[in-house]
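First comes the structure, then the notes that go with it.
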Amino acid sequence: MIDIAAIRQQFPVLNRLVKGKPLVYLDNAATAQKPQVVIDALVNYYSQYNANIHRGIHTLAEEATAAFEDTRNAVQQLLHADSREEIIFTRGTTEGINLVAYTWGRQNIGKGDEIIISGMEHHSNIVPWQVLCAEKEAVLKIVPVNDNGELEMEAFHSLLSDKTKLVSICQISNSLGTINPVKEIIKAAHAAGAITLIDGAQSTVHLDIDVQDLDCDFFACSAHKLYGPTGVGVLYGKKAILEAMPVFMGGGEMIKEVSYQHFTPNELPYKFEAGTPNIADVVAFKAAIEFVNGIGKSAIAAHEAALLEYAAEQLTPIKEVRMIGRARNRASVLSFVVEGAHPQDLGIILDNQGIAVRTGHHCCQPLMDRFAIPGTTRASFAVYNTKEEVDALAKGLQKAIKMLL
Ligand SMILES: *Cc1c(COP(=O)(O)O)cnc(C)c1O
C-alpha cells in the first residue's frame with residue numbers, strides 16, 4: 001500500500017482552494033500536477049547551471065549537457081529502448097507524431113497507400129495523417145469502435161492488406177480509458193508489411209512500457225502526463241528506421257557540417273533535435289521519472305484501479321448518469337453523460353465546488369460522433385487522488401443534476 005497522504009504533501013497545488021473549496025483535481029488525463037521535486041529541478045537548473053548544451057566547454061554548459069543527457073538515459077530505461085540514440089526529445093506527443101508524418105511519411109507514403117488509425121484517436125493522431133494523405137493521395141482507414149468503447153479487432157484485421165504502410169494507434173484512449181491490444185495490432189501490422197506507431201501519451205504513466213517487447217517502430221509520449229513539465233515529449237524510433245529517415249527541422253545541432261551547397265545531418269538522436277531544446281524541462285523530466293519509479297508504476301496503477309472501481313460504484317446508481325466506454329481493459333478514466341444536461345454546464349457547477357473535471361470532446365470529435373454525443377464529462381485519476389475526492393465528485397454531480405434538470 002502506498003501512503004497517499006505523504007504523496008499528496010509533495011504536490012503544492014493540492015493545498016490550494018478553488019472558489020473557497022479544497023481543490024479536487026480530476027483532470028489528470030489532460031495533464032498531471034507536478035511534485036515538488038520537479039519544481040525544484042526547474043528552479044535549480046535556472047538558478048545554478050543554465051547554459052546552452054552540447055557546444056559549450058565551460059562548466060555550466062558541461063553541467064547542463066550532462067543533466068540533459070541524463071534524462072535521455074532515464075527515458076531509455078523507462079521505455080526499455082535498445083539504445084539512447086533511439087530517444088528523440090520533442091515538445092510532446094503531437095510533435096512526435098508530426099515528425100514521423102513529415103519525414104518517414106513524406107518519404108514512404110505514395111498514391112493509393114493506406115494508413116490505418118482507430119476510431120478512438122486524439123486529434124494529434126488523426127490530423128497529421130489527413131495532411132499527409134491529402135498531399136500524397138493516400139487513404140486513411142479507421143478501425144471501428146464498438147458500443148463498449150473497444151476496438152473491433154476483426155474489422156482491424158480485415159482492413160490490413162499489402163496497401164497498408166502504417167498503423168498508428170493509441171495504447172490507451174484519453175477519452176474512454178480503453179487499453180488497446182497494441183501487441184496484437186503491431187504483430188498483425190508487421191505481418192502485412194506495415195510499420196507501427198504507438199501513441200503512448202496516456203499509457204506511459206499507467207503501464208510498464210517495453211518498446212522492444214511491443215516491437216513497435218515508433219512510440220510517442222509527453223512528459224506532462226507523467227507528472228513532468230509541459231513542452232517536453234519523446235519520440236522513440238527503431239534505429240534503422242530513424243537512420244533511413246530524412247531530417248525534420250533544419251538548424252543548429254541537427255547538422256554535422258554545412259556549406260552553401262550542402263549539409264550533412266548529425267548522428268542520432270541529434271539529427272532530429274534542431275535548435276536549442278527545452279533544456280530546463282527536459283532536465284526536470286528526469287525528476288518526474290524518478291518520482292514515478294520511486295512509487296512504482298504497478299502500485300500507482302493498483303491505487304488508480306481501486307479509485308476507478310469505487311467511482312463507478314458511486315456514480316452508476318445516479319440514474320441520470322450514463323457511462324461512455326465500458327471496456328473490460330481500462331485505465332483510470334471515467335467518461336459519462338448526464339441525459340438532458342450539457343457537459344459544459346456540469347463542468348461549471350463542479351468547478352464552483354472546487355472540482356476540476358474535463359468536459360467536451362477531449363480532442364476526439366470523431367469518437368464523440370460515433371457515440372452521437374457532443375462530448376462527455378471526464379474524471380481521470382492520478383496517484384494523489386482519494387476516495388474522499390470521489391465522494392466529493394458524486395455529491396457535486398448530484399447537486400449539479402438537481403440544478404440543471
Ligand atoms: C494528450 C494526448 C495527446 C497529445 O499530447 P500533447 O502533449 O498535447 O502533445 C495525444 N494522444 C493522446 C492519447 C493524449 O492523451
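The values are calculated or read from the model by the stated rules, or taken from the named source; none is laboratory data. This is a predicted model, so every value here is computed, not measured. We place every Cβ from the backbone using ideal geometry, glycine too, and count neighbours over all the protein chains shown. Just so you know, the surface numbers come from the protein's heavy atoms only, side chains and all, with ligands and any DNA or RNA stripped out. Shrake-Rupley method; radii C 1.70, N 1.55, O 1.52, S 1.80 Å.
Annotation: Thr103 fulfils all but one of (1) among the β-branched types (Val, Ile, Thr); (2) closer than 14 Å to Ala189 by Cβ; (3) away from the ligand (no atom under 16 Å from the Cβ); the unmet one is (2).
Scanning the stretch 348-388 for residues that are modelled with pLDDT of 95 or more and among the small types (Gly, Ala, Ser) yields Gly354, Ala356, Ala379, Ser380, Ala382.
Out of the residues in the stretch 319-338 meeting the condition of being in contact with an Asp or Glu (Cβ under 7 Å, 6 or more places away or on another chain) and within 30 Å of Asp208 (Cα to Cα), tell me which one is surrounded by the most Cβ atoms within 10 Å (Cβ to Cβ).
Step one: of the stretch 319-338, the residues in contact with an Asp or Glu (Cβ under 7 Å, 6 or more places away or on another chain) are 320, 322, 327, 332, 338.
Cutting the leftovers down to within 30 Å of Asp208 (Cα to Cα) gives us 327, 332.
Details: Ala327: 21, Ser332: 28.
Ranking the qualifying residues of the stretch 319-338, first place goes to Ser332.
So that you can scan it fast, the table gives a plain yes or no per residue for (1) open to solvent by less than 10 Å² (accessible area, probe 1.4 Å); (2) assigned to a loop (DSSP other than H, G, I, E, B):
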| position | (1), (2) |
| --- | --- |
| Tyr310 | no, no |
| Glu313 | no, no |
| Pro317 | no, yes |
| Gly340 | no, yes |
| Leu350 | yes, no |
| Leu367 | yes, no |
| Pro374 | no, yes |
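Of the listed requirements (1) crowded, with 18+ Cβ neighbours inside 10 Å; (2) more than 19 Å from the chain's Cα centre (by Cα), Met403 misses just one: (1).
Contact annotation: residue pairs with Cβ atoms under 6 Å, 6 or more positions apart or on different chains, pairing a residue in the stretch 156-183 that is of a type in the set (Phe, Trp, Tyr) with a partner that is at pLDDT 95 or above and away from the ligand (no atom under 12 Å from the Cβ), are Phe156/Val143.
Counting only residues that are part of a strand (DSSP E or B), in contact (Cβ under 8 Å) with a residue 60 or more places away in the chain and more than 16 Å from the ligand (Cβ to nearest atom), the stretch 322-338 holds 1 of them. Listed by first and then second residue, the pairs with beta-carbon distance under 9 Å, at least 6 apart or on different chains, first residue in the stretch 82-109 and farther than 11 Å from Cys221 by Cβ and without any contact (Cβ under 8 Å) to a residue 40 or more places away in the chain, second within 13 Å of the ligand (Cβ to nearest atom) and of a type in the set (Val, Ile, Thr), are Asn98/Thr90; Asn98/Val127.
Does Ala67 satisfy the criteria of being more than 16 Å from the ligand (Cβ to nearest atom), in the same structural domain as His190 (by TED's automatic domain parsing), more than 21 Å from Phe248 (Cα to Cα) and part of a helix (DSSP H, G or I)?
Details: more than 16 Å from the ligand (Cβ to nearest atom): yes; in the same structural domain as His190 (by TED's automatic domain parsing): yes; more than 21 Å from Phe248 (Cα to Cα): yes; part of a helix (DSSP H, G or I): yes.
So Ala67 fits the description; yes.
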